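What follows is calculated from the coordinates using simple rules that are stated; it is not laboratory data. Keep in mind the model is a prediction, meaning the values are calculated, not measured. With ideal geometry, Cβ positions are generated from the backbone for all residues, glycine too; neighbour counts draw on all protein chains shown.
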Amino acid sequence: MASITIEISDEQLQKLQALAQENGISLEELLRARIEDWLSQPTSKFAQAANYVLKKNAELYRRLA
């Protein structure tokens, strides 16, 4: 498993530590879970946007075909 290091402000660290503590998990678990959520969202959001555009413009696409 790879690891990364980032710099954040003391205030951000305190907020993250508080969130982790509220959820009864370690800071690392909190960040790992959020990253996993973030990585899984772009695909579904793109699919939703693409479906919206396709449905909205279906008649136009039919006429151009």
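With K and R counted +1 and D and E -1, the other residues having a Cβ less than 14 Å from that of Ala18 yield a net charge of -2. Compute the acute angle (0 to 90°) between the alpha-carbon long axis of helix 27-56 and the principal axis of greatest extent of the alpha-carbon atoms of the chain; round to the nearest 10°. It works out to around 10 degrees. Quick note on the chain: its Rg to Rh ratio, both from C-alpha atoms and Rh being the Kirkwood radius, is 1.31.
Would any residue of the stretch 35-65 have its amide N under 16 Å from a label point 7 Å out along Cα→Cβ of Gln12? List them or say none. Inside the label zone: 35. Think of the chain as having a plus end and a minus end, set by charges on the Cβ of Lys, Arg, Asp and Glu; of Ser44, Ile25, Asn57, Asn57 sits farthest toward the positive end of this dipole.
Dipole size of the chain about its Cα centre, with +1 on Lys/Arg Cβ and -1 on Asp/Glu Cβ: approximately 820 debye, rounded to the nearest 20.
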